[in-house]
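Worksheet for the structure shown next.
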Amino acid sequence: MRKINTIYDTIQKWFRLEKITNGLTRSELRSVRTTLYVQFSMFLMPTLLLVPVYYNEPPETHFYSYIHYIILVIPLIFAFFLLKLRYFNFSAVFTLVAINYHLGALTLAQADDPAPLGFLITSILSFLMISKNFKVSRFLMSILPLGLFISSQYHYRVLGGNALFGPPKWIVSAEYLIPPLILLCFLIVLVVYQFVKAVDIAETKLMEEHEKSEKLLLNIMPQEIAEELKQKGASTPRQFNSATICFTDFEGFTSIAETMSPKELVAELDRCFSYFDSLMDHYNLEKLKTIGDSYMFVGGIPTENKTHAVDCVLAAIEIQAFMNQMKDIKKSQNLPYWELRLGIHSGEVIAGVIGEKKFAYDVWSDTVNIASRCESSGSTGKINISGDTFELIKDFFDCDYRGYIEAKNKGKIKMYFVNGLLEKLQEKDNPNTPNSQFKERYALL
C-alpha cells in the first residue's frame, strides 16, 4: 500500500510540475499545466491507436500513419523538454504547431476524416496554453488552425478535391457552406477570447487583493506566524528564554493633544510611529502594538537570536535622536513638542496569537511588566534599561548606573540610562552610527 501511495504521489507531483513552476502566477501556472496535459494527451491517444490503425485502416495507409505518428511524437517530446527548461510559451507554440501539422496530415490523407474538427479545438487551446502577455502569439496560433479548417472544407466540400487516399463522399455549394463556417470560426475566437480575458482580469484583481491582504497580515504579525495561521488555522504559543521588550511613551501627551485638532493629532502620531516602524525591519525587531501614544516593540522573536538587546538599544537611540530633531524643529517654530520616555528590559517571554476573529500577536510574562515599569520610571529624552538588559549590552554602549529604583508593584529594580555607543565603537563624524569595530564585536554575539 505504501508503494502504491508513493507511486501515486510521484505521478501527482509530475502532473503538477512543482519543481519548474515556482514563482508563477495562477494564470501562468494554468497555461503551463494545460500545455503539459495537451502534450500528454496528444502523445497518449495516437500511441493507443497504433494497433487499431493496423487492423482497421487500409494497408496502403499504414506507412503514412506511422510516419506521421513519429513526426508528431518527436516534436512533442522536444516541446516537453522546453517546458522543463522553463521556456513555457515556446513550448506551447511548438506543441500547437506539431498538433496542427498532424491534423493537417490526417486531413490530406482522408477527405472524410474527422481530423479537421481538431483544428477548432487547437484554436481554443492557444488561449489556454499561451500566456496572456503574448497576445499576438495567441491570436496567430488561433487563426492558423481556423484557416486550415476552412481551407480543408472548401477544398473537399466545395471544390470536390481528392485526398491522398480517396475523394469526399459529399459536396455542397460554397455559398451554402462557407459563410456558416466563417461565422462559426469568428464566434469561437470571440467567445473564447472574451472568456479567457474575463478569467485573466478576475485573476489579476484576485492577486492584487491577495497581495493587499498578505501585506496587511504581515503588518499585524510576523511572516512565519502568518504562514502557520494560514496552513493550520491556529498558532502554537512559544516560549523564548531571552528576548528584549521596549516601551515608549510621550511625556505630556494629553495636555498637548488638547491644543490640537483630531486631524493634527493623528498626523503627528502617524509621523512618529511611521518612523519607528521603519526601524523595525532595519534592526530585525518586531512591532507588537500601539496603545494610544505608547509604542511597544520586541527583539528576539519570533526567531531567536543573541543580538536582540543590542538591536533594541540601537533602535531606541535612533528613536530618541528623531524625537530630539522634532523637538528642535518645533522649538524654532514656537510650537508645542513631545518628548519621549523609553524603557527596555530583557528576559523570558511567551509569544503567540490571541483571538479568533481579530488576530493579535502578543507577548506575556513578567518581563513585559518590568519593561513597562522601566519606561514609567525613566526620564524624558532618555533610554532607561534594566540591569538584565545592561548585562547584555554593556560591551557596546556607554551607560550611567542609576541604582535600585522603586517600580510600582515590582519593588526596587536595578536601572541604567544609556548615553550612546561606546566612544571606540562610534563613527568619528556621527556618534550614533556604529563603526567597523562595533560590527566585528556584534558578529561575535
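Results, tabulated for the structure shown:
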quantity	calculated
Neighbour-count order for 113, 398, fewest beta carbons within 10 angstrom listed first	398, 113
Over the chain, relative contact order from alpha-carbon pairs under 8 Å, at least 6 apart, %	10 percent
Net charge dipole size for the chain [Lys, Arg +1 and Asp, Glu -1 on Cβ; Debye, nearest 20]	900 debye
Cleavage-rule hits, chymotrypsin sites (Phe, Trp or Tyr not before Pro), the stretch 143-184, DSSP coil, Cβ neighbours within 10 Å at most 13	170
Trypsin sites (Lys or Arg not before Pro) restricted to the stretch 142-206 and DSSP loop, no more than 10 other C-beta within 10 Å	169
Percent of beta bridges antiparallel (DSSP, the chain, rounded to nearest 5)	95 percent
Dipole in debye (nearest 20) - the stretch 234-443, about Cα centre, beta carbon charges: Lys, Arg +1; Asp, Glu -1	260 debye
Three-way shape call for the stretch 283-322 based on the alpha-carbon gyration tensor, with the a/c threshold at 1.5	oblate
Burial ranking of peptide ranges 19-26, 36-43 (average Cβ count within 10 Å, highest at the top)	36-43, 19-26
Dipole of the stretch 303-445, positive direction: furthest Cα of 329, 436, 387, with charges on the beta-carbon	329
In degrees, nearest ten, helix 62-84 long axis to first principal axis of the chain (Cα)	10 degrees
Ranked 155, 210, criterion: other C-beta atoms within 10 Å, fewest first	210, 155
The chain: calculated mean residue ellipticity at 222 nm from DSSP helix runs of at least 4, using -39500 (n - 2.57)	-19500 deg cm²/dmol
Prolate/oblate/rounded label for the stretch 234-443 (Cα gyration tensor, a/c 1.5)	rounded
Gyration tensor (alpha-carbon) shape descriptor, the stretch 2-217, a/c threshold 1.5	oblate
Neighbour-count ranking [beta-carbon atoms within 10 angstrom, fewest first] of 29, 340	29, 340
Hz values of 3J(HN,Hα) by residue in the stretch 196-208 - Karplus curve (6.51, -1.76, 1.60), Gly and Pro given as x	5, 4, 4, 5, 4, 5, 4, 5, 4, 5, 5, 5, 4
Those chymotrypsin sites (Phe, Trp or Tyr not before Pro) in the stretch 55-93 that DSSP places in a loop and that have at most 16 other beta carbons within 10 Å	87
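Quick note: the coordinates plus some simple rules give every number you see, no bench work behind them. The structure presented is a predicted model; accordingly, all values stated were derived computationally and were not measured. Cβ sites come from the backbone with ideal geometry, for glycine too, and all protein chains shown count toward neighbours.
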